[in-house]
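Working notes for the structure below.
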């Protein structure tokens, strides 16, 4: 098996386009994509990259990243796309841990990362068209795709042979390596196609004509998956080097995209852009929200602004969840507000902390064809996999009709005065306040009170801490009343657009400590 054959084994007529700014684009036809991938794969092999080795791809989103990934698939190397915004310490740690044989880079790395590469990497390739003066020993990508074979080989590898390694931070900010093999990728795209077909109002409109547009970076699996899905289904795929709301809206309009997929925090940025009032939305059929919880009020705002159904999608880097909305529900507008859908394929169950089945609330476990031992660390696979079931670490409520509602992470839950507190429940409650745009809840450690609830708040109108606390007194359990309230202009985000809960907790802890010091100073 060679997963590259899935995308390049036969002509699909797809195109790939990088949008770098309003006026700058790089376009590849399927024929150009095939020829470049073939030349690159042959040259990488000739330069000593072997099956089983790792290729680090350090770049923003651009078509060359997809060519690098496909070339790695072809020769049996494992592609590792990473984003330059991950931070020096994180990148250095990835290099030292993963020890790539080859590094392909957009901009020459910081000295500390470059030193780590010198210790582990035999081959450097600059993704620029010509040689990079900052990296004299690096080969130029343009040279590697202009010379060599134009015929792509598809040597066979086992189902378990590594093909793609992504570093998923989730909501904690701590990257974990997730490995997709040749076999797991083939199975993933079989089911991924089934999921994407639900977002079309006819059986072939999404597959045959609608462009795939992603605002998510290619170092996240969702960004790569959407781009590769476009190739697989013969459609144009567009990616943005950087997310700029107005550029994204222009792109949706120009490509006549049928289905948008973004994190809720990025939809908020679109809603603030004045061009939204004038754009042509006639081809748009659905707005999909994923990657983080979404309050009902934001869903309503999106539906009003874009004039189409807005639905929540839930999945993971490790595997597909098997939960989703059917096409009939979406376009009959019968999706329950806040629901992630019902069981579409495979098996799903809710479990308590001991793994016993629960009917209406618990951790979601899934078992389907996309579940596999996906972590490098055996202990992580042992902890998260049991008898073919994947423990998602996410808490869900299931109603009588089988609809699933996300209620946060198992490890986000904290205990205050003997009561379980779920941050997402606090956030959803607070976002019912008409003056709250967004919120993130987290525990704070108090010297005298122990663990106490706290919230970061983005306000849409002037609010005070007392206003926030009074809202909780009137509408929520008293044990969830936040003891620390901090107002910010925007919630801290990870590169994927998810809220950075680790940074939010750090900010709230600093605010609490600062307030305590001020009180102590006044008393003295």
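The values are calculated or read from the model by the stated rules, or taken from the named source; none is laboratory data. Computed from a predicted model, the values in this text were never measured in an experiment. Here Cβ is always computed from backbone atoms with ideal geometry, including for glycine, and neighbour counts include all displayed protein chains.
What residue, among those in segment 109-127 that are part of a loop (DSSP other than H, G, I, E, B) and surrounded by fewer than 17 Cβ atoms within 10 Å (Cβ to Cβ), is nearest to the chain's Cα centre (by Cα)?
Looking at residues that are part of a loop (DSSP other than H, G, I, E, B) and surrounded by fewer than 17 Cβ atoms within 10 Å (Cβ to Cβ), I get 110.
The rows are residues; the columns are (1) crowded, with 19+ Cβ neighbours inside 10 Å; (2) touching a residue at least 12 places away in the same chain (Cβ under 8 Å); (3) closer than 26 Å to residue 363 by Cα.
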site	(1), (2), (3)
287	yes, yes, no
295	yes, yes, yes
304	no, no, no
323	yes, yes, yes
341	yes, yes, yes
Worksheet item: Does residue 39 qualify as being within 16 Å of residue 144 (Cβ to Cβ) and either crowded, with 20+ Cβ neighbours inside 10 Å or under 23 Å from the mean Cα position of the chain (by Cα) (or both)?
Response: yes
Worksheet item: Among the residues of segment 285-305, is any at pLDDT 90 or above, part of a loop (DSSP other than H, G, I, E, B) and over 26 Å from residue 221 (Cβ atoms)?
Response: no
Worksheet, complete the sentence: Checked against (1) within 28 Å of the chain's Cα centre (by Cα); (2) in contact (Cβ under 8 Å) with a residue 40 or more places away in the chain; (3) surrounded by fewer than 17 Cβ atoms within 10 Å (Cβ to Cβ), residue 50 satisfies every condition except (1)
Item to complete: Just name the residue that is surrounded by the most Cβ atoms within 10 Å (Cβ to Cβ) out of those in segment 378-402 that are in contact (Cβ under 8 Å) with a residue 60 or more places away in the chain and not in a strand (DSSP E or B).
Response: 384
Discussion item. Of everything in segment 270-284, what is assigned to a helix (DSSP H, G or I) and without any contact (Cβ under 8 Å) to a residue 12 or more places away in the chain? Give them in sequence order.
Written reply: 274, 277
Discussion item. Regarding segment 343-350, can at least one residue be identified that is part of a strand (DSSP E or B) and either modelled with pLDDT under 90 or within 21 Å of residue 165 (Cα to Cα) (or both)?
Written reply: no
Item to complete: Report yes if some residue within segment 261-269 is outside the structural domain of residue 192 (by TED's automatic domain parsing), without any contact (Cβ under 8 Å) to a residue 60 or more places away in the chain, surrounded by fewer than 22 Cβ atoms within 10 Å (Cβ to Cβ) and over 15 Å from the mean Cα position of the chain (by Cα); otherwise report no.
Response: yes
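In segment 487-495, is there at least one residue being surrounded by 14 or more Cβ atoms within 10 Å (Cβ to Cβ), modelled with pLDDT of 85 or more and more than 19 Å from residue 409 (Cβ to Cβ)?
Yes, some residue in segment 487-495 is surrounded by 14 or more Cβ atoms within 10 Å (Cβ to Cβ), modelled with pLDDT of 85 or more and more than 19 Å from residue 409 (Cβ to Cβ).
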Worksheet entry | Some residue of segment 17-24 being touching a residue at least 24 places away in the same chain (Cβ under 8 Å), more than 23 Å from residue 244 (Cα to Cα) and surrounded by fewer than 19 Cβ atoms within 10 Å (Cβ to Cβ) | no
Worksheet entry | Residue among 408, 418 that is in contact (Cβ under 8 Å) with a residue 60 or more places away in the chain and within 28 Å of residue 392 (Cα to Cα) | 408
